[in-house]
Structures are given as C-alpha cells and as structure tokens.
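No value in this document is a laboratory result; all are computed from the given coordinates. These numbers come from a predicted model, not from an experiment. No Cβ is skipped: glycine too gets one built from the backbone with ideal geometry, and neighbour counts run over all protein chains shown.
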Amino acid sequence: MRILVIGSGAREHALLLALQQDPAATELHVAPGNAGMAGVATVHHDFGSVADPAAVTELAQGINADLVVIGPEIPLVAGVADDLRAAGIAVFGPSQAAARIEGSKAFAKDVMASAGVRTAQAEALNPGAAEEEIEGVLDCFGPTWVVKDDGLAAGKGVVVTTDRATAREHVDAVLAAGNPVLLESFLDGPEISLFCLVDGETVVPLLPAQDHKRAYDNDEGPNTGGMGAYTPLPWLPAEAADRIVTEVCQPVATEMVRRGTPYSGLLYAGVAWGAEGPAVIEFNARFGDPETQAVLALLKTPLAGLLNAVATGTLAEQPALEWEEGYALTVVLAAEGYPAAPRKGDVITGADRGGAAVLHAGTARNGQGELVSAGGRVLSIVGKGVSLADARENAYDTLSHISLPGSHHRDDIALPAMRGEISLG
Ligand code: AMP
Ligand code: GLY
C-alpha cells in the first residue's frame, strides 16, 4: 500500500512511524511534512496548500496513492476527503459534511441534542450584538465563564475564567474579528480524550488519554493546542471508558448516519467526567495532538490495515485491537512565546541522541543544514514504561538532553495522575 499522510505536526510524525511498522505499508509519503520526517517518508514540501482539495488530489494521483490519511482538521473542513473520494482514492478522514462536528460548534451542539448526548449549555452571540444582549448573556453564566470562538481555533480560541471582565474582553475580541462567539456552562471534572475509529455505525475506541492544555505547570497560563499527554488513565476504570462509547460516540455515529452524512475516520470525543458521568467539551474530526503520539506508541495492531479498513468501510470485520502493556507519555517542547507569538529560527541540539522517541512538529533546516525551530510546538518527546513513573522518567530524561534557546515545556505531565490526585468523584 502506498500511503500519503497530510500534515506537518508531531501527530503526523507519529502516524508515519506507526504506519512504517506495518508491512502492508510499502511506501510512505507526507505533505507538507517537516524536517524530522525525511527518514520515514518522501516529503512533498512544496505541493501547494493542504486546504486545497485539487492540490492534494493531484499529489495523491501523481504518486498513485492507495490510501490518503488526513491529519489536521483544516483540509477535512475544506472538503479534501470528498475530492479524493470522488477521484476514487481511499481516504482516512471524514467528509466535509461530517467534519462539521469539529468545524462548527453550533452544528456539534445540534447533533448532540438530537442524539441525546450530554454537553454544556451554550448561548451564541453574533458580530454586531448589542451591549445589553452581551451583558445579558454574560449574566446567564458564571461564576466560571467559558468563552469560545465558534470556528476552528485549535483549542486556542477558548478562554475559561472566573473573572467577568476577562470573559467580556474575549467576547469583544472574537466579535471584533467578525466571528460568532459561544458562551458555555462550565463542565467540572477530569478531562478525557477518547479517540474512536468510526465507520458508519461501527465504533472502535482507542486507549483513553489525557491532554494538558494550559501552557504552564499546575494548569496555569493560556490554553494551547496541548503541552503533553499520557495514556492509559490509571484513574479511569474500563467500564467508564465504555460509558463514553455508549453514551457519546455511538449515539453520535448513529445520528450522523441518520442525517445521511455517515462519519468515516477518527472521532475525538473530549469529555469532562462530572457528577453525572461524561459530558462533551468538544468533538474533533481527527486524531488529537499530542495524545496521538502517546496512544499510537502502545498500539500493537498494524495501523495501515486498520486505517485502510475504516477508509474502505470494513472496520466491523477487523479483529479486536491489541495494545502493549504499560504507559506512554508525551511532553511537548514549545518555542519561546508559544502560544501567543512563537519565535522561529532557533537552533535545536540533542534531538537525535536516542532514548525516548523524539517526534518533530515545528522544525526545519536552515541554510547551514542545522535543525531549527519553525513553529510553536517544536518537538514531542514520547516516553514509554511499565509504570507511568517509568514513562515519565524516560521522556523527561531524553528531553533534558535537548536544547532550544528560550523554549518551555511542562514538568508536570501525568504528575497528578501518578500522585493519585485525579478521581471520577
Ligand atoms: P475546546 O477548544 O472546546 O476544546 O476547549 C479547549 C479547552 O478549554 C478544553 O480542553 C477545556 O479544558 C476547556 N473548556 C472548553 N469548554 C469547556 C467547558 N464548557 N467547561 C469547562 N472547560 C472547558
Ligand atoms: N489535544 C487537543 C487537540 O488535538 O485538539
């Protein structure tokens, strides 16, 4: 199978490394890729935009791809999967109509309402909203306000705050940018990322993971795309993960079929486990980053065959997934200034020393051939171990030998879980 992966992050690097382990994958390509992927796949840097369906289809046809795996949400929401399918190419990733589950929070709420899935209550404000209307909506929420940009914002368009003035500022900023803004009730309880392979009504969950979204230790600082993750979750019993499938993912898959827009690809349910069980914070139409780096590190089932089964509508015929024992943990090394204004062009050293896996995201080569930073999240270091403590040690030991001027990372990935501080209440 000749496989083309679309994307350029550490998630796509993890996908490529897992695909490489599958003998069914005979040739790997990636576009636009990054500096760390050259050893794993043929990198097509300059093929055009990932959001351009015609450009992606032309590339896939040019290399005679048997399967295209779409990593990020932007091409999915732009309809790249539809164009590829129309050209007769198997693709892992939902149609434009199904990807709205991530692309429009209002659409996701509508699907959840029809499917009877628990989620936060929300009110929308549109650009041009009057002063009284804005204040009236702010009155309906609190003491913790959740203010979201109703568009694709990679987790960075959300402000969660107990300060009403800060909430108002974000409302004004989103409206001023010409986007609708959503205010939501605050969902309490530990967060879980559950990734499910979905092929119509067939839903197969991967190991549950937890992301660390805030920029700094102890969940301080701004929301980011994710600063680290670990899997599985020692505090989440297997029955609880099953409940997320039966109460959230399965009803949504069934509802999408009922609407005539069946889902095919990865459905990412981001839930908070509150007093009544799981409630949805968000859906994504793709693998999560950085959770994927940890989850795929433990997957024993060959990935190419699995993704191809989803793409060709045969997921129900696949044997049960197999996993390695133990734990995997990702820690993200971020550039100075991330998430607001990451600095680029700093030289990275020590990334190829061995130890834990070092996956590349925002990296490039400069004129001298040196590895340099080229984005906000620069590297994902993925440690494994028989215990969470071992996985942490493995990842952080490797990280300690990597240098990137001005960079920052969290030191507390999985620490609350290891200390037994997380429970389902
Ligand atoms: P989102 O972009 O919707 O994934 O939101 C990013 C992060 O903001 C989530 O991972 C949560 O940590 C937080 N968040 C979003 N919505 C809520 C909510 N209704 N209640 C509590 N936290 C939330
Ligand atoms: N880890 C959060 C995301 O992928 O959206």
Rounded to two decimals, what is Rg over Rh for the stretch 37-148 when you use alpha-carbon atoms and the Kirkwood radius?
1.15
Rg followed by Dmax, in Å, when the chain is reduced to its Cα trace:
20.6, 62
When N is the residue count of the stretch 279-425, what does its C-alpha Rg come to as a fraction of 2.2 N^0.38 Å?
1.20
Taking 0.36 nm per intervening residue step and subtracting the Cα-Cα distance, what contour gain separates E27 from T166 on full extension?
45.0 nm
Quick one: which of 116-128, 62-74 comes out on top by average Cβ neighbours within 10 Å, and what's the full order, highest first?
62-74, 116-128
Under 18 Å, Cα to Cα: Lys pairs in the chain, sequence gap 8 or more or different chains
7
Size of the stretch 159-278 along its principal axes in angstrom, Cα-based, largest extent first?
44, 37, 26
Can you give me the orientation-averaged projected area of the convex hull built on the Cα atoms of the stretch 358-425, in nm²?
6.0 nm²
Most packed first (mean Cβ within 10 Å per residue), the peptides 323-334, 187-198 order as 323-334, 187-198
The stretch 269-314 - convex hull of alpha carbons, volume per residue in Å³
123 Å³
So how much slack lies between Q61 and V347, counting 0.36 nm per residue of separation and subtracting their Cα-Cα distance, in nm?
99.3 nm
Which percent of Cα-Cα pairs in the stretch 216-361 sits in each 10 Å bin, short to long?
8, 29, 36, 20, 6, 0
For the stretch 14-70, what D do you get in µm² per second when you plug the Kirkwood radius from alpha-carbon pairs into Stokes-Einstein at 20 °C and 1.002 mPa s?
181 µm²/s
What span do the alpha-carbon atoms of the stretch 285-357 cover on each of the three principal axes, reported in whole Å from largest to smallest?
48, 28, 17
By average Cβ neighbour count within 10 Å, what is the ranking of 96-103, 176-183 from highest down?
96-103, 176-183
